[in-house]
Structures are given as C-alpha cells and as structure tokens.
C-alpha cells in the first residue's frame, strides 16, 4: 500500500473571514506542493472562536466557506478535511461542522461536533459554553480513502474514548481531529489525549489546531501533531503558523493490531460493556 502523505496546516484565525479563507487556501496549496495527499485545517479556521462570531459567520452547507474548501481540494488534487466552521443547519440551528472533500472537490463527509465544549474551571478560571449558541451533532463520521477509512471528530470530542473506539471498530485507520484546546487545558491534555486515543485504538491520530495568537479573541494552545498506532509522536508544531508533513505507513495499523490484539479481544467481550 502506498504511504499516506499527510499535511496539517496550522493557520492563524483572524477577524476577517475573507483573510482566513485566503490563508487557508495558501496553506493547502503549499502543503499539496510539498507532496501532501490528505490536507487538514484547524477547528474554526475561518471564524474567531467566540459564540457571537459563530452566529455572525454561520453559513448553510454550500455557502462561501463550503465552496472555498471544495475549490481548494479540487485545485490541488487532495483529500481535504476542512477544519471546522459554523454551519447554519435545519431550523436555524448552528453546528460546529467539519466539511471533507475528495480530490475532485466533491463532498466526502460532514462531521458535526458531538460533544460541545461547555466547561467551567472554577472561580477566576477558564469558562466557555458552546451550547449557548451551538447544537450538538449525533453521528459518528468516517469516509473512505485510498488508504482506508478515516474518522473525523472535532476538539472536545477527543475527551470521549468511546467515540474513537467506535471509529476503530468501524474500520478507521486514522482519526483526524481539528481542535483548539485552550491554554488552560492544552499543555497538560492535548498531546496526552491524542497519544492515548492512538494507543487505545491502534490508529494513527492527527490533531490540527489554529496557531496561537495572544492578541486574538481566543488563545489556542496550538501544537498540531501526529501520532502513530503505538502512541509515538511523529511530529509536532509549536505555537506559530506552520505546516506539518509526515508520511504514514498505514500497514503499521494491521501489524500492531496483530501483535497486540486489543480490538479483537474487546470484540470478543463487548457484550460485557
């Protein structure tokens, strides 16, 4: 099997949607030129991460952001996981949605964030409630690719191992997570959680974050990274804008699952759960 050349684009999210779309298009182009066949953008790459902006920037599927992402995939001939953006859904509901496209620019999948980011870290601590404006999705998302099934989740979804186990049991070899962990939780939990989801389910994992902007509406931890099915970190960015490129040998998934048969043993006993 041909190795998967994966490119993570750690872009900065500014106030202007048009500026964000231009930066994303440039980053996708540069990743593809460097050899990436699957390119990924961060959570809310086109919209500042704040509830009032979710309402202002929301678009229906097929809108400006959707069409821009389709165009990026088609022009560069890549599979594209388009980070996420606020989607205006049925009945006026707004979702945190990741649109995925094939190299023709055709839709491959749509993931609506299942677990909304509602946290309160105590007096004087970090507080945020996506549920003030967003509605949760209710579907596990995978799509077919030449390298196998790819699972897609968004940010806070990472904290629920059952979701990633379900992806693995449905055949995922790679789980991709556009996310924007905060400076309050990112330093301790971002890297650890991506490694654990990789180890637990013997899949490659990739977390794609916006670059850190201390003057921005929301300060992301950044540190986009890729893990292999043994939990080894194959590459990691820092806080600044950048592109992380790695070749993934997908046959490693089968090898590790054969040598350490966690999923087979789980499936043999799943009636206990």
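Odds and ends about this structure:
- Matching option when the condition is assigned to a helix (DSSP H, G or I) and either out of contact with any helix residue (DSSP H, G or I) (no Cβ under 8 Å at 6 or more places or on another chain) or at pLDDT 95 or above (or both), among 2, 18, 87: 18
Table: residues versus (1) more than 18 Å from the chain's Cα centre (by Cα); (2) at pLDDT below 95.
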| site | (1), (2) |
| --- | --- |
| 218 | no, yes |
| 223 | no, no |
| 229 | no, no |
| 232 | yes, no |
| 236 | no, no |
| 242 | no, no |
| 251 | yes, no |
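- On inspection, residue 194 passes the criterion of being surrounded by 22 or more Cβ atoms within 10 Å (Cβ to Cβ) and closer than 28 Å to residue 181 by Cα.
- For segment 65-88, the criterion of being surrounded by fewer than 24 Cβ atoms within 10 Å (Cβ to Cβ) and closer than 17 Å to residue 220 by Cβ is met by at least one residue.
- For segment 230-273, a tally of residues being touching a residue at least 40 places away in the same chain (Cβ under 8 Å), over 16 Å from residue 200 (Cα atoms) and assigned to a helix (DSSP H, G or I) returns 1.
- Against the list (1) buried (at least 20 other Cβ atoms within 10 Å of the Cβ); (2) within 20 Å of residue 241 (Cα to Cα); (3) in contact with a strand residue (DSSP E or B) (Cβ under 9 Å, 6 or more places away or on another chain), the condition residue 58 fails is (2).
- Residue in segment 104-135 that is nearest to the chain's Cα centre (by Cα), counting only those that are part of a loop (DSSP other than H, G, I, E, B) and surrounded by fewer than 17 Cβ atoms within 10 Å (Cβ to Cβ): 106
- Taking segment 228-245 as the range and being closer than 17 Å to residue 42 by Cβ and surrounded by 14 or more Cβ atoms within 10 Å (Cβ to Cβ) as the test, the residues that pass are 235, 236, 237, 239, 241, 242, 243, 244, 245.
So that you can scan it fast, the table gives a plain yes or no per residue for (1) farther than 18 Å from residue 6 by Cβ; (2) out of contact with any helix residue (DSSP H, G or I) (no Cβ under 7 Å at 6 or more places or on another chain):
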residue: 132; (1), (2): yes, no
residue: 173; (1), (2): no, no
residue: 186; (1), (2): yes, yes
residue: 192; (1), (2): yes, yes
residue: 212; (1), (2): yes, yes
residue: 219; (1), (2): yes, yes
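- Meets criteria (crowded, with 24+ Cβ neighbours inside 10 Å, more than 20 Å from residue 39 (Cα to Cα) and modelled with pLDDT of 95 or more) for residue 258: no
- Of all residues in segment 51-70, those that are more than 21 Å from residue 40 (Cα to Cα) have Cβ atoms under 7 Å from Cβ atoms of residues that are part of a helix (DSSP H, G or I), 6 or more apart or on another chain, in 51/132.
- Taking every residue in segment 140-166 that is on the phi > 0 side of the Ramachandran plot and buried (at least 17 other Cβ atoms within 10 Å of the Cβ) and pairing it with any residue that is part of a strand (DSSP E or B) and modelled with pLDDT of 95 or more, at least 6 positions away or on another chain, the pairs with Cβ-Cβ distances below 8 Å are 148/172; 148/173; 148/174; 155/96; 155/177; 155/178.
- The set of residues in segment 23-55 that are surrounded by fewer than 21 Cβ atoms within 10 Å (Cβ to Cβ) and in contact with a helix residue (DSSP H, G or I) (Cβ under 9 Å, 6 or more places away or on another chain) comprises 25, 29, 33, 51.
The values are calculated or read from the model by the stated rules, or taken from the named source; none is laboratory data. The structure presented is a predicted model; accordingly, all values stated were derived computationally and were not measured. When we count neighbours, we look across all protein chains shown, and the Cβ atoms used for this are built from the backbone with ideal geometry, even at glycine.
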